[in-house]
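Since the structure comes first, as structure tokens, the remarks are kept for the end.
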């Protein structure tokens, strides 16, 4: 029973980290800073997580997928979407 509880806590923690990583990646990529988006997502996500940032029309979609350490058959996934800001769409640098 204790192992199941620990597995649940670990999965929830990894899910929260994936959500945070995807949200930040989408926000940064929407501002036109794709390189920082991927680096930031990798820093925030659980170790070994896959990060994908892609453009879909006027939006940026960031996906973070991590494998559960206790339940290896379980992939933990989060996805976030952000509108592409006008400065990024026009090719101008984002404001700092």
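Laboratory data are not the source of any read-out in this text; all were calculated from the coordinates shown. From a predicted model like this one, the values you see are computed outputs, not experimental measurements. So basically every Cβ, Gly included, is an ideal-geometry build from the backbone, and we count neighbours across all protein chains shown.
Tabulated values for the structure
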{"quantity": "Filter result (more than 17 Å from residue 65 (Cα to Cα) and touching a helix residue (DSSP H, G or I) at 6+ places or on another chain (Cβ under 7 Å)) within the range 8-37", "calculated": "28, 29, 30, 31, 32, 36"}
{"quantity": "Residue count for the range 38-83, restricted to those that are under 20 Å from residue 12 (Cβ atoms), free of Cβ contacts under 8 Å to residues at least 24 places away in the same chain and in contact with a helix residue (DSSP H, G or I) (Cβ under 6 Å, 6 or more places away or on another chain)", "calculated": "1"}
{"quantity": "Which numbered condition residue 1 misses (of (1) more than 14 Å from the chain's Cα centre (by Cα); (2) within 18 Å of residue 85 (Cα to Cα); (3) free of Cβ contacts under 8 Å to residues at least 60 places away in the same chain)", "calculated": "(2)"}
